[in-house]
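Inspection log for the structure reproduced underneath, given as structure tokens.
The values are calculated or read from the model by the stated rules, or taken from the named source; none is laboratory data. Everything quoted here is computed from the prediction, not taken from an experiment. Methodologically, a virtual Cβ is constructed for each residue, glycine included, from the backbone with ideal geometry; neighbour enumeration extends over all protein chains shown. Heads up: the accessible areas ignore ligands, DNA and RNA and are worked out on the full protein's heavy atoms, side chains in. Shrake-Rupley method; radii C 1.70, N 1.55, O 1.52, S 1.80 Å.
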Amino acid sequence: MIFQSSDPEPNYPLVDIYHYLESNPFNVQPGKTVFIDPITEKSLTFGQFLNETKHFAAGLLDSYDFQPKDVLAIFSYNQYDFGVPILGTLCAGGVVTTVNHSYTIDEVVHQLKDSGASYMVTTVDLLPTALEAAKICGIKREHIFLFGGKDEAGHKAYQSVFSKRLAAPVKIDMEDIAYLCYSSGTTGNAHCKSKGVMLTHRNITSNLVQIMSYDAEVIKQKDLVILGFLPLYHIYGLMNCLHISLITGTETVIMPKFDLPSFLQNIEKYRVTNTFIVPPVALALAKHPMVLDHDLSSLRHLYCGAAPLPKDLCVRIEERLGVYCRQGFGMTEGSPLVACLRPDARGPDGSVGPLVAGLKAMVVDPETGKELGVGQAGEWLLKGPNVMKGYLNNIEATKHTIREDGWMHTGDIVYVDEKGNWFVVDRLKELIKYKGFQIPAAELEALLITHPKVLDAAVIPAYDATQATEIPRAYVVIQEGVTKNDELKKEIMEFLAARVAPHKKLRGGVVFTNEIPKSASGKILRKDIVKIDRAPDSS
Ligand code: 4UV
């Protein structure tokens with residue numbers, strides 16, 4: 001059975017991302033402020049933004065031998081002008097890969113090498129990691145530019161790349177790749193770290209209009225102010241706090257990163273109407289006493305996604321703030337939005353809402369592949385213009401994820417009710433989400449077994465209700481003769497922490513076990529370990 005939205009199929013743009021923006025479908029005035037830095041109070045208007053992107057594009061093409069399809073990496077925490085080098089690169093016919101700023105050198109190297117990046121924009125404080133990674137990957141020093149507005153430490157500010165001329169349009173095909181965002185996908189394994197999700201100009205522009213059509217009533221409101229704290233390197237922030245803001249000309253306050261006091265102060269100071277959150281922030285809004293010390297009466301639209309939202313939090317937030325928190329579901333491979341509760345809906349509790357318009361879905365039995373119907377839980381398969389092109393340089397993973405008939409496996413277990421509201425009940429893929437950030441279990445396992453005292457390891461999602469998030473917990477088999485005690489657990493946790501980005505730390509701790517359950521083909525049976533882990537008498 002094929003499900004789809006009852007909303008009409010949107011009119012998808014026929015031009016690439018940059019030219020769609022330049023066509024100004026919302027008739028945004030050039031003087032309209034779009035991005036604000038709440039710390040320095042620097043800002044960019046719509047007109048300035050477009051102008052600067054064109055100067056950056058021309059500079060790359062004129063002075064840096066930049067060729068269409070060259071890849072520029074953004075390795076930075078949020079900046080109010082984060083989008084300028086991004087849209088500039090797209091305007092020059094290039095590809096952008098956004099890198100998590102908390103990555104270790106090895107993690108950065110993996111992404112730079114895999115994506116084939118030959119240019120980078122970073123910040124002065126991230127330069128040591130950026131330079132070391134760039135050297136390993138052969139990126140020229142003079143191709144590394146800085147955010148921050150000034151030439152420093154021997155590197156040019158990206159503004160110093162600007163050419164006096166404005167870039168002339170470069171021919172861009174809708175099937176050309178715009179973004180390479182990294183995701184563990186449905187097929188995490190030890191040999192394959194995160195994979196480059198190829199998102200084309202068609203994917204992104206289609207999802208933009210899909211998002212804007214489900215939220216058309218909201219977007220029409222001219223007095224909206226968005227507070228953007230989500231990392232802009234992640235597709236959830238990139239689309240909602242950068243692209244949608246730009247297209248609609250919505251004033252957006254860009255925080256460098258999340259912290260609760262600044263988040264609340266910014267809502268109050270800028271009279272924020274819309275913000276996009278993740279479940280741990282929903283928990284804070286529902287329960288933290290500090291929230292009551294602030295005037296949050298300007299808030300009108302709250303969206304939550306990237307991980308399951310505990311049902312009771314929406315109710316508590318509405319009681320406290322008078323705003324209904326709408327859950328949505330996205331995934332990098334879906335460009336990203338798949339489903340979201342509509343502005344006028346209270347939703348059934350726990351639902352991620354109806355599909356976005358123009359996207360088709362099926363639910364299939366993960367064992368047999370048999371199509372299932374309303375109310376039956378199975379794997380969610382998706383087909384539509386926002387479904388990724390595939391994984392870069394990885395035909396095997398692409399084939400495993402996108403069937404020949406175009407249906408994409410999400411690796412999520414869901415069901416749909418009679419009204420077309422979707423519910424996520426479990427995850428088939430071996431992905432753990434810490435506060436919305438991806439942690440591929442297999443990547444941690446591969447590192448753990450390099451510890452000299454660890455014979456075998458499996459990493460599973462545990463749940464920390466005090467933070468409303470999954471956390472990774474390792475089950476490890478220790479070499480014979482080694483004493484198993486708390487010291488050793490600490491040693492293993494520290495060993496891993498030294499090798500991964502902070503969000504991947506073993507916050508769920510280490511559990512000693514005698515054996516890791518495996519299938520006949522050697523696949524770790526994580527679900528069996530999860531069952532043991534969640535049993536009432538497990539310690
Ligand atoms: O690839 P990724 O890291 O992508 C995301 C994107 C999230 C969103 C959410 C709302 C939006 O409006 C939007 O534009 C983007 O997280 O991780 C994808 C996986 O995260 C889980 C699920 O396992 C996906 O395959 N996930 C995402 N949203 C939810 C969720 C949710 N609401 N409930 C449960 N799991």
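Descriptive notes on the structure:
- Ordering of 179-185, 460-466, 520-526 by packing is 179-185, 460-466, 520-526, highest average first (other Cβ atoms within 10 Å, averaged per residue).
- Dipole magnitude for region 301-348: about 100 debye, using +1 per Lys or Arg Cβ and -1 per Asp or Glu Cβ, origin at the Cα centre.
- Using the Cβ-Cβ distance between K518 and K311 with R0 set to 45 Å, the FRET efficiency works out to roughly 0.85.
- Region 307-344 and region 514-535 have their alpha-carbon centroids 32 Å apart.
- For region 298-384: rounded, prolate or oblate by the Cα gyration tensor [a/c cutoff 1.5]: prolate
- Label-point separation in nm, K135 to K490, each point 7 Å along Cα→Cβ: 3.4 nm
- Options L372, P85, V225, ranked by Cα towards positive dipole end of the chain, top entry (Cβ charges): P85
- Chain lengthening between K222 and Q265 when straightened (0.36 nm per residue, less Cα-Cα): 13.2 nm
- Which of E22, E379 is most accessible, then next, and so on - probe 1.4 Å: E22, E379
- Area accessible to solvent at M239, 1.4 Å probe radius, in Å²: 0 Å²
- Check: region 287-397 dipole with +1 on Lys, Arg Cβ and -1 on Asp, Glu Cβ, in debye: 280 debye
- Shape of region 189-259, Cα gyration tensor, a/c cut at 1.5: oblate
- Radius 11 Å from Cβ of V363, net charge of other residues (Lys, Arg +1; Asp, Glu -1): -3
- Values of log10 I(q)/I(0) for the chain across q = 0.07 Å⁻¹ run -0.39, by the Debye formula with one identical scatterer at each alpha carbon and no solvent.
- Between the amide H of I432 and those of I439, A441, distances stay under 5 Å, these residues lying 5 or more places away or on another chain, with hydrogens modeled in the peptide plane.
- Span per principal axis, largest first, for the Cα atoms of region 1-106 (Å): 48, 40, 32
- Of the beta bridges in the chain, as assigned by DSSP with both residues counted there, near 60 percent are antiparallel.
- Residues of type lysines that K222 reaches as a straight line, Cα spacing below 27 Å, ignoring anything fewer than 8 places off in the same chain: K32, K42, K54, K257, K269
- When H288, H201 are compared by accessible area of protein heavy atoms, the largest-first order is H288, H201, using a 1.4 Å probe.
- Sites D62 and F26, calculated FRET efficiency, Cβ-Cβ separation with R0 25 Å, nearest 0.05: 0.20
- The calculated FRET efficiency for D426 paired with K164, based on their beta-carbon distance and R0 = 60 Å, is about 0.60.
- Part-to-part distance (alpha-carbon centres) for region 214-291 and region 70-126, which is given in Å: 23 Å
- Along the axis of the charge dipole computed for the chain (Cβ charges of +1 for Lys and Arg, -1 for Asp and Glu, origin at the Cα centre), the listed residues I2, L21, L208 are led at the positive end by L21.
- Most to least accessible of E470, E515, E152, E41 (protein chains only, probe 1.4 Å): E515, E41, E152, E470
- Among the listed pairs K311/K531; K399/K435; K135/K489; K389/K490; K484/K518; K490/K531, those whose Cα-Cα separation exceeds 32 Å are K135/K489; K389/K490.
- With the simple model of a label 7 Å out from the Cα in the direction of the Cβ, E371 to M290 spans 5.0 nm.
- About the Cα centre, charge dipole magnitude for region 401-539 (Lys/Arg +1, Asp/Glu -1 at Cβ), debye: 260 debye
- Region 173-322 - accessible surface per residue (Å², probe 1.4 Å): 32 Å²
- Judged by the mean number of other Cβ atoms found within 10 Å, the most tightly packed of the peptides 218-229, 164-175 leads the ranking 218-229, 164-175.
- Taking amide H positions as modeled 1.01 Å from N, with prolines and chain starts lacking one, the residues under 5 Å from Y463 and 5 or more places away or on another chain are I471.
- Global form of region 417-539, assessed from the alpha-carbon gyration tensor, a/c cut-off 1.5: prolate
- Each label was represented as a point 7 Å from its Cα along the Cα-to-Cβ direction; for K257 and E418 these points are 4.9 nm apart.
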